[in-house]
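Participant: Following this message is one structure expressed as structure tokens.
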């Protein structure tokens with residue numbers, strides 16, 4: 001939400017927002033979404049994907065496989081897709097439906113959905129800021145002595 005104009009704005013990182021929802025929030029999201037026109041094309045089904053990372057020297061390596069849940073739906077001609085971490089079929093379905101609805105609708109035509117997701121995005125951002133402050137407080141600074 002744009003706090004200056006009190007307007008809802010488009011949401012970046014929709015799947016990240018939904019992936020971070022707890023079960024209760026995910027259930028509330030499913031009540032907000034227009035489920036009556038949803039045709040499930042695939043899933044929700046679990047699978048494994050390879051997680052890649054970089055080491056301290058920026059060399060890529062495969063960390064291992066992680067469990068994910070995928071879902072693909074069709075809603076009023078708009079295709080929605082989601083892949084979320086864990087065995088969470090409800091979350092994958094909610095993310096896929098939200099993906100399709102956000103493609104089709106705007107904050108003006110789907111205000112409840114945008115209000116819900118914007119509130120959770122802001123809550124997640126506040127949580128990350130608090131976490132960064134706590135981590136920064138534990139940072140150790142090493143000084144090196146000049147040789148000789």
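No lab work stands behind these numbers, since they all come straight from the coordinates. This structure is a prediction, so every number in the text was calculated from the model and none was measured. Note that we place each Cβ from the backbone using ideal geometry, even for glycine, and neighbour counts take in every protein chain shown.
Participant: In degrees between 0 and 90, to the nearest 10, how far off the longest principal axis of the chain does helix 89-104 point, with axes built from Cα atoms?
Facilitator: Approximately 70 degrees, to the nearest ten.
Participant: Quick one: 81, 114, fewest Cβ neighbours within 10 Å first, how do they rank? Provide the component values of the computation, followed by the final result.
Facilitator: Details: 81 17, 114 23.
So the ranking, lowest neighbour count to highest, is 81, 114.
Participant: With the contact rule set at Cα under 8 Å and sequence spacing of 6 or more, what percent relative contact order holds for the chain?
Facilitator: Values: 217 pairs, mean separation 37.0, N = 148.
Computed over the chain, the figure is 25 percent.
Participant: If you line up the long axis of helix 111-137 against the longest principal axis of the chain, both from Cα atoms, how many degrees apart are they, to the nearest 10?
Facilitator: 10
Participant: Once both axes come from the Cα atoms, what is the angle between helix 23-32 and the longest principal axis of the chain, in degrees from 0 to 90, rounded to 10?
Facilitator: Orientation of helix 23-32: about 30 degrees from the principal axis.
Participant: Something else about it: Taking the Cα centre of each part, how many Å lie between segment 29-71 and segment 85-148?
Facilitator: Value for the Cα centre distance between the two parts: 16 Å.
Participant: Note the full-extension length gain between residue 74 and residue 140 as 0.36 nm times their separation in residues minus their Cα-Cα distance, in nm to one decimal.
Facilitator: Contour length minus the Cα-Cα distance gives 18.6 nm.
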